[in-house]
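Asks: Before I ask anything, let me first share the structure, which is written out below as structure tokens.
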Amino acid sequence: MEPTSSHDVPHPGASRRPSPGGRGRGTLQTLRMNGISKGFPGVKALDSVNLDLAAGEVLALVGENGAGKSTLMKILAGIYRQDAGSIEIDGEAVAFRSPRDASRHGIGIIHQELELIDTLDVAANVFLGREHTWGGIARFLDSEKMVAETGRILGRLHSTIAPRAQLRSLSLAQRQLVEIARAISLGARFLIMDEPTSSLTMAETESLFEVIRQLKADGAGIIYISHRLGEVESIADRVAVLRDGRNAGILSREEISHDRMVQLMVGRDLDDFYVASAAAGHEVCHACLELKSFRTRRYPNSEVSITVRRGEILGLAGLIGAGRSELAQAICGVDQPISGTAFIDGQVFAPKSPRDAIDRGIYLIPEDRRRFGLITEMSVRGNVTLPAVSRYTRVGWIRRGMEVTAAARAAEDLRIKVPSIEIAAASLSGGNQQKVVLAKWLALKPKLVVFDEPTRGIDVGAKAEIYRLMRKLATEGVAILMISSDMEEIMGNSDRVAVMHDGRINGVLDRSECTQEAILRLAVA
Amino acid sequence: MTRKDLGILILLIVLCAIVALRNPQFLSSANLQNMSRLIGMFGIFSIGVGIVIITGGIDLSVGSLFALLGVLMSVMLTEWRWSAIVVVAAVLLIGGGLGLLHGLLVTRLGLQPFIVTLCGLLLYRGIARYIAQDTTTGFGAEGFAWLRSSATGSLFGIPMPFVLLIAVSLVAGVVLHRSVYGRHLFAVGNNPEAARYSGIHSANVITGAYVISGGLAGLAAILIAFYTNSISPSSHGNFYELYAIAAAVLGGCSLRGGEGSIAGILIGTALLQVLRNLVNLLDIPGSLDFAVMGAVILIGVIADAISRRSSKSPRAAGRDLVKDISGR
């Protein structure tokens, strides 16, 4: 299919062109990661992972959210340091102490969140931090030279972006190309692309593939991380699958198929996990929230229609960027849908602000607690009572005693572990912070609670308590919409699972039909 | 009272002790009366500016507002012969109204507070000079007895402005530290997004702060006008906004927002006035008075940064320092 493909190389030293002196330091390089392990407090993110990459090869790296792909790549890019294991380039061990180190060794990373400066032009971005200068120590900018060189690199990528164009005038796809140009100008021979197509249109994706093929032909090795298995099928020479921080398998060009990848990503041992953790059966009554043809700003062309019933936990699965958080925000009045109607208990509901939603008993537990959930410098007491301080007032004057009692009771009910409710929320652990966010709402008679990634960054013990609380709310008749990228969390807690992909609901699974494979299939298709 | 308030209070006491030892005049009743009169006037508008700073904003317009309101007052009283009570109401309304305008520009149009109030600073000064035709106006030697006495009179030997400051502080203290509005103010200043997610109408809370600042500036404008008794529109109230900002920052308000207290602002105001007084009493050349103030504020801020650095990891302290410097 591609004439330059190096397909199926067991030993990355060998490649499309026979290298003159075996693995000499000629034009061809190989990159090897051996037995890489990395732990974070409470989790083992990577466990003896091996990976190798040859020049002129596209290696796709796939795995579920949390499988360890990003961690592995951050180690390769010098952002993290591994606890164990080694990295070799052309058979020589290298140690990266910083991103700069890694880039000196030819590693370039194209980030998911593009890291460029909006207010500068393309050439300035490409050469940021190592500008060409003239005039000795005066270091005047040599714009001509930078523009010329940028133009040359972009030309090689068959791009028509003007080196002097302001970055903010460029589309997302164009910015990505600028990042690639920047990596090339840094002398990158190994390029890491983290979800490069997550925000691109079909046409843009196709032209990115052209660029990738060009890079390949120029002898660069590319690690391509993606959830979109269709894309992986069409661009990858090999696929490495990670699962739970371990190697789950390597597929050669001929072996690559959608089903094989999903199989390896899920693993057999976890197949029937949900049965084991089946929650207590309970009565499910009428619809609490109903969305009809709901469209959010993020995916203006995709409509969502779902129902969340009283007393159930509806899991909302999908890949990061599928539009789930945006949906949650539109439901809870943080943002407004561009069209469509929401019904609460059969009545039309169109919140203009979070306040409107809160007044109707609809609460959002946001994904990013520190940014949206907490006033971090404020005390636990202040945070817990924030949405309804007026309950603890007499003629507008806060009765400290009433407030303290209420906050202390909430802290006790949720087992928030703090030396005093007067300490700042910032100093709490992730689990306790999340409980503070929950405590804000629980006193207020919720009708619908939307949890967005309820246990991200939380230790196992606190996780279990949050699950228990969630179930308790549901049995009390509250409707719960739980967004999660953690497959076990979805399977272990949901009564039904809706799977979202590119802004639309790809399918709703009942408890009996919901397996990891089924969810994943809907999430990537 | 926070640790920061305590530190600045100690600095204030030490300074007072030094000045009193070097020059006993410091403790004379005339000097104390005069100083507390100034503290009263400066404290009132510093509280307003401090409240705006707690929202994460800034108010640069108050100094020019004093000139504009002073000139208008002179016109209303001496030319139009309005009654004193109407004039007071008008001045407070104009002050609060301009504050409302600032607040709406900041919250509805998303303009930066610095820019909005800087334009206010330029505009109001210019309008004041135009109305007064750049000549000094005043209220004459006689008349407007109770207005005059609110600036120059005393109650049981305590200068009226200081009495008014105490009243304003009590109300502001309750509002800030005990009312729902105050709670929301700190929340919005610390994290406007999280506050919004908690159902707080951040825009209204912030607008309210500018209205309070404008209203308190109106009250201070009356006192300052009758204290000087003449208003030269090009210099009346010059740099006063900076005194207010300095007092608030010295008193523990963070320019990042979300932090501060009325007690701190009061101590900060007092410290600045003691410094001005010290320049007089210790025979330091008057031309140096800004330099002395600048130096003391700088030392205070450095001491605070160092004490925080020692209580945190150096890295975290460094981050904070960078945040402080960059303002957000």
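Asks: Please list, ordered by residue number, the helices (runs of 4 or more DSSP H) wholly in segment B:50-132 having 2 or more residues that are among the hydroxyl-bearing types (Ser, Thr, Tyr), touching a strand residue (DSSP E or B) at 6+ places or on another chain (Cβ under 7 Å) and closer than 17 Å to B:SER202 by Cβ.
Replies: Here the list is empty.
Asks: Follow-up question, since we're still on this one. Would you tally the residues in segment B:228-243 being buried (at least 24 other Cβ atoms within 10 Å of the Cβ) and more than 12 Å from B:SER46 (Cα to Cα)?
Replies: Total satisfying the criteria: 4.
Asks: Another question, then. Among the listed residues A:GLY21, A:GLY68, which satisfies the condition of being at pLDDT below 75 and of a type outside the set (A, V, I, L, M, F, W, C)?
Replies: Values: A:GLY68 fails: at pLDDT below 75.
Just one listed residue meets the conditions, A:GLY21.
Asks: Conditions: (1) farther than 28 Å from B:GLY173 by Cβ; (2) outside any loop (DSSP other than H, G, I, E, B); (3) of a type outside the set (A, V, I, L, M, F, W, C). B:GLY40 meets all but one. Number of the miss?
Replies: Only one criterion in (1) farther than 28 Å from B:GLY173 by Cβ; (2) outside any loop (DSSP other than H, G, I, E, B); (3) of a type outside the set (A, V, I, L, M, F, W, C) is unmet by B:GLY40, namely (1).
Asks: A:ILE458 versus (1) within 14 Å of chain B (Cβ to nearest Cβ); (2) among the hydrophobic types (A, V, I, L, M, F, W, C); (3) in a loop (DSSP other than H, G, I, E, B): which is the lone unmet condition?
Replies: That leaves (1) as the condition not met.
Yes/no per residue for (1) within 14 Å of another protein chain (Cβ to nearest Cβ); (2) of a type in the set (D, E, K, R); (3) without any contact (Cβ under 8 Å) to a residue 40 or more places away in the chain:
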{"position": "B:PHE156", "(1), (2), (3)": "no, no, yes"}
{"position": "B:PRO159", "(1), (2), (3)": "no, no, no"}
{"position": "B:PHE186", "(1), (2), (3)": "yes, no, no"}
{"position": "B:PRO192", "(1), (2), (3)": "yes, no, no"}
{"position": "B:GLY208", "(1), (2), (3)": "yes, no, no"}
{"position": "B:ILE231", "(1), (2), (3)": "no, no, no"}
{"position": "B:GLU241", "(1), (2), (3)": "no, yes, no"}
{"position": "B:ILE245", "(1), (2), (3)": "no, no, no"}
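Asks: Another one. Considering each of B:ALA167, B:ALA145, B:ALA203 in turn, give the residue that is of a type in the set (Gly, Ala, Ser), over 14 Å from the mean Cα position of the chain (by Cα) and within 12 Å of another protein chain (Cβ to nearest Cβ). Spell out the reasoning first.
Replies: Values: B:ALA167 fails: within 12 Å of another protein chain (Cβ to nearest Cβ); B:ALA145 fails: within 12 Å of another protein chain (Cβ to nearest Cβ).
Residue meeting the stated conditions: B:ALA203.
Asks: Could you say which residue among B:ALA225, B:ALA221, B:ALA187 is in contact with a strand residue (DSSP E or B) (Cβ under 8 Å, 6 or more places away or on another chain), crowded, with 22+ Cβ neighbours inside 10 Å and either closer than 26 Å to B:PHE144 by Cα or at pLDDT below 95 (or both)? Walk me through it before giving the result.
Replies: Numbers: B:ALA221 fails: in contact with a strand residue (DSSP E or B) (Cβ under 8 Å, 6 or more places away or on another chain); B:ALA187 fails: in contact with a strand residue (DSSP E or B) (Cβ under 8 Å, 6 or more places away or on another chain).
Matching residue, one of B:ALA225, B:ALA221, B:ALA187: B:ALA225.
Asks: Taking B:SER179 as the residue in question, decide whether it is at the interface with chain A (Cβ under 8 Å from one of its Cβ atoms), more than 15 Å from B:LEU216 (Cβ to Cβ) and of a type in the set (S, T, N, Q).
Replies: When the stated conditions are applied, B:SER179 passes them.
Asks: Follow-up question, since we're still on this one. Of the residues B:ALA167, B:ALA132, which is out of contact with any Phe, Trp or Tyr (no Cβ under 7 Å at 6 or more places or on another chain) and at pLDDT 95 or above?
Replies: It is B:ALA167.
Asks: Report the residue count in segment A:343-401 for those that are out of contact with any Lys or Arg (no Cβ under 9 Å at 6 or more places or on another chain), modelled with pLDDT under 90, facing chain B (nearest Cβ under 8 Å) and not in a loop (DSSP other than H, G, I, E, B).
Replies: Adding up the residues that qualify gives 2.
Asks: Starting from residues that are in contact (Cβ under 8 Å) with a residue 60 or more places away in the chain, within 16 Å of A:GLY430 (Cβ to Cβ) and not β-branched (Val, Ile, Thr), keep the ones in segment A:455-484 and report whichever is surrounded by the fewest Cβ atoms within 10 Å (Cβ to Cβ).
Replies: Checking each candidate, the answer is A:ASP459.
Asks: Still on this structure, I have one more. Tell me, please, whether a residue that is buried (at least 17 other Cβ atoms within 10 Å of the Cβ) and either of a type in the set (D, E, K, R) or part of a loop (DSSP other than H, G, I, E, B) (or both) can be found in segment A:118-131.
Replies: yes
Asks: Follow-up. Being under 25 Å from A:GLU476 (Cβ atoms) and among the polar types (S, T, N, Q) narrows it down to one residue among A:GLN336, A:GLN347; which is it?
Replies: A:GLN347
Asks: So for segment A:333-341 (the condition being touching a Phe, Trp or Tyr at 6+ places or on another chain (Cβ under 6 Å) and either outside any helix (DSSP H, G or I) or away from chain B (no Cβ under 14 Å) (or both)), does at least one residue qualify?
Replies: yes
Asks: Can you tell me which residue in segment A:485-504 is surrounded by the most Cβ atoms within 10 Å (Cβ to Cβ), limited to those that are β-branched (Val, Ile, Thr) and under 19 Å from the mean Cα position of the chain (by Cα)?
Replies: Out of the qualifying residues, it is A:VAL499.
Asks: Next question. Considering each residue of segment B:247-258, count those that are within 13 Å of chain A (Cβ to nearest Cβ) and more than 19 Å from B:GLY43 (Cβ to Cβ), and give that number.
Replies: Of the residues in that region, 4 qualify.
The values are calculated or read from the model by the stated rules, or taken from the named source; none is laboratory data. A quick note: this is a predicted structure, and the numbers were derived from the prediction, not measured. FYI the Cβ positions are ideal-geometry reconstructions off the backbone, even for glycines, and counts take in every protein chain you see.
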